[in-house]
Amino acid sequence: MAGAERMTATIGNSLAALGHHVTILSLWDTASQFPLHPAVRHEAVFDRRPSFKRAYFATLAGIRRHCIAHRIDVLVQVDTMLELFVRPATLGLGLHHIAWEHCHFDEDLGKPARRLARRLAARFCRQVVVLTERDRHRWLEALRPRSEVVCLPNPLPFPMPAAPAPRAHKTVLAMGRLVPAKGFDVLLRAWQTVAAEEPEWQLVVHGEGEERPDLMALIRELGLQGSASLPGVCHDPLQTYGQASVFCLSSRYEGFGLVLIEAMAFGLPIVSTDCDTGPRELLSPGDDALVVATDNADALAGALLTVIRQPELAASLGASGRHKASAFALERIALQWDGLVRAPG
């Protein structure tokens, strides 16, 4: 249910609607967690996650079989780490390779091999797609790539809402995988201050992940059982955003931060940490968001209280954000992807 998988389905569906023959090949997991266009074929190399060290050559063979069987012309790697598999798997097939970076250049997610994979992608792929101009400049200055480095932001995965959210509920919404990078532990500590001063407000954190037990324990430790909840994965984002009044991003780092654009589309005022790379590029502090330092629960609490207590400021932030979100319409970015996959060799 992560963002890269969601964007794979979103862009794959859009390209299929534009007439491309699209297959999605997962390394494992035969079922997509996101709806797919009827013309999109989804397959998996393995039924369940293997040890890729032990199954390395079987993985290469599976990727190669898929490319030959489906006469693949363009291969998009939905993670630059996949270059370590895709490059040897497709030798001699003459494919148009596109590496799609969902993290930011200075973060390897604890896998030093990711840095090698990025170097290979910069040398051997026809294009590397990154999500922000900041990241594009990092690729250019650090690697001097042979590949064309293209900035294509993630699009809104749903049509622009016809009207902003009514913001009638006293709810602060956060959304993302329950992992340390998202900083939900910091948000809960900030919420202890907010809940003490604005007890009618609720914090709702949608998502699932490895930190759920620790976050649930923290809710109990801080005495927030009545004002903070972790209801799990959001299956109806339109309803969820529509019932919120404020959106908070508490991340320690982000590759892009699609949830910010989604919340902006609904006219929600944003409170965000100033983390690389998405928030720094997507947000204009004071215009469409209040931005605070990462890992600072006191600052986060102060910004949330400001937005809660100043409805005119909240409305202004929300209106500015909604105007910005319109630039991320799916149709517009799908056409850019269409041009990319059609690019001549």
Close pairs (6 angstrom Cβ cut-off, 6 or more residues apart or separate chains): assigned by TED's automatic domain parsing to the domain that holds Asp287 and within 18 Å of Glu198 (Cβ to Cβ) in the stretch 309-337, aliphatic (A, V, I, L, M) and at pLDDT 95 or above anywhere: Ala314/Val307
Go through (1) surrounded by fewer than 17 Cβ atoms within 10 Å (Cβ to Cβ); (2) part of a helix (DSSP H, G or I) for Pro279 and report which single condition fails. (1)
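If you scan the stretch 8-64, which residues turn out to be among the hydroxyl-bearing types (Ser, Thr, Tyr) and free of Cβ contacts under 8 Å to residues at least 60 places away in the same chain?
The first filter runs over the stretch 8-64 and keeps only residues among the hydroxyl-bearing types (Ser, Thr, Tyr), leaving 8, 10, 14, 23, 26, 30, 32, 51, 56, 59.
Scanning the stretch 8-64 gives Thr23, Ser26, Thr30, Ser32, Ser51, Tyr56, Thr59.
Would you say Asp276 is in contact (Cβ under 8 Å) with a residue 40 or more places away in the chain and more than 18 Å from Ala325 (Cβ to Cβ)? Even if it seems obvious, please write down each step before you answer.
Values: in contact (Cβ under 8 Å) with a residue 40 or more places away in the chain: yes; more than 18 Å from Ala325 (Cβ to Cβ): yes.
In short, yes.
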Can you give me the number of residues within the stretch 152-211 that are assigned to a strand (DSSP E or B) and either farther than 30 Å from Ile333 by Cα or without any contact (Cβ under 8 Å) to a residue 60 or more places away in the chain (or both)? 6
Can you tell me which residue within the stretch 38-54, out of those that are surrounded by fewer than 14 Cβ atoms within 10 Å (Cβ to Cβ) and of a type outside the set (D, E, K, R), is modelled with the lowest pLDDT? Ser51
Kindly check whether there is at least one residue in the stretch 73-88 that is surrounded by fewer than 17 Cβ atoms within 10 Å (Cβ to Cβ), assigned by TED's automatic domain parsing to the domain that holds Val150, farther than 25 Å from Leu18 by Cβ and not hydrophobic (A, V, I, L, M, F, W, C). yes
Counting only residues that are surrounded by fewer than 24 Cβ atoms within 10 Å (Cβ to Cβ) and over 19 Å from Glu200 (Cα atoms), which one in the stretch 238-250 is modelled with the highest pLDDT? Gln239
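May I ask you to say which residue of Ala289, Ala297, Ala303 is free of Cβ contacts under 8 Å to residues at least 40 places away in the same chain, surrounded by 18 or more Cβ atoms within 10 Å (Cβ to Cβ), aliphatic (A, V, I, L, M) and closer than 28 Å to Asp108 by Cβ?
Working: Ala297 fails: free of Cβ contacts under 8 Å to residues at least 40 places away in the same chain; Ala303 fails: closer than 28 Å to Asp108 by Cβ.
One residue alone meets the criteria, Ala289.
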Please state which of the following conditions Pro164 fails to meet, knowing it meets all the rest: (1) modelled with pLDDT under 95; (2) in contact with a Phe, Trp or Tyr (Cβ under 8 Å, 6 or more places away or on another chain). (1)
Exactly one condition in (1) farther than 27 Å from Ser227 by Cβ; (2) in contact with a Gly (Cβ under 9 Å, 6 or more places away or on another chain) is false for Pro166; which is it? (1)
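Kindly indicate the residue of the stretch 114-129 that is hydrophobic (A, V, I, L, M, F, W, C) and surrounded by fewer than 22 Cβ atoms within 10 Å (Cβ to Cβ) and also farthest from His96 (Cα to Cα) among those meeting that condition.
Initial filter on the stretch 114-129 (hydrophobic (A, V, I, L, M, F, W, C)): 116-117, 120-122, 124-125, 128-129.
Within this subset, residues satisfying the condition of being surrounded by fewer than 22 Cβ atoms within 10 Å (Cβ to Cβ) are 116, 120, 122, 124.
Values: Leu116: 20, Leu120: 15, Ala122: 14, Phe124: 10 Å.
Only one residue tops the list, namely Leu116.
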Residue check, His235 against (1) surrounded by fewer than 20 Cβ atoms within 10 Å (Cβ to Cβ); (2) not in a loop (DSSP other than H, G, I, E, B), all met but one. Which one? (2)
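Go through the stretch 77-100 and count every residue that is among the polar types (S, T, N, Q) and not in a helix (DSSP H, G or I). Walk me through how you get there before you give the answer.
At the first step, the residues of the stretch 77-100 found to be among the polar types (S, T, N, Q) are 77, 80, 90.
With not in a helix (DSSP H, G or I) added as a condition, the list becomes 77, 90.
The total comes to 2.
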In the stretch 330-345, the residues that are of a type in the set (Gly, Ala, Ser) and surrounded by fewer than 15 Cβ atoms within 10 Å (Cβ to Cβ): Gly339, Ala343, Gly345
How many residues are in contact with an Asp or Glu (Cβ under 9 Å, 6 or more places away or on another chain), closer than 22 Å to Leu60 by Cβ and of a type in the set (A, V, I, L, M) when one looks only at the stretch 1-46? 4
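If I filter the stretch 158-188 down to residues being among the basic types (Lys, Arg) and either within 16 Å of Trp201 (Cβ to Cβ) or surrounded by 23 or more Cβ atoms within 10 Å (Cβ to Cβ) (or both), which single residue comes out as farthest from the chain's Cα centre (by Cα)? Break it down into steps so the answer makes sense when it comes.
We begin by selecting, within the stretch 158-188, every residue among the basic types (Lys, Arg); these are 167, 170, 177, 182.
Then drop every residue that is not either within 16 Å of Trp201 (Cβ to Cβ) or surrounded by 23 or more Cβ atoms within 10 Å (Cβ to Cβ) (or both), which leaves 167, 170, 182.
Numbers: Arg167: 24, Lys170: 26, Lys182: 11 Å.
Of everything passing the filter in the stretch 158-188, Lys170 is farthest from the chain's Cα centre (by Cα).
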Answer with yes or no whether Leu230 is among the aliphatic types (A, V, I, L, M), touching a Ser or Thr at 6+ places or on another chain (Cβ under 8 Å) and not in a loop (DSSP other than H, G, I, E, B). no
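Where residues in the stretch 131-151 are in a strand (DSSP E or B) and not charged (D, E, K, R), which of them is nearest to Ala2 (Cα to Cα)? Write out each step before concluding.
Filtering the stretch 131-151 down to residues in a strand (DSSP E or B) leaves 148-151.
Subsequent filtering for residues that are not charged (D, E, K, R) retains 149-151.
Values: Val149: 24, Val150: 22, Cys151: 21 Å.
Among those that are in a strand (DSSP E or B) and not charged (D, E, K, R), it is Cys151.
The values are calculated or read from the model by the stated rules, or taken from the named source; none is laboratory data. What you see is a predicted model, and the numbers here were worked out from it, not measured in a lab. When we count neighbours, we look across all protein chains shown, and the Cβ atoms used for this are built from the backbone with ideal geometry, even at glycine.
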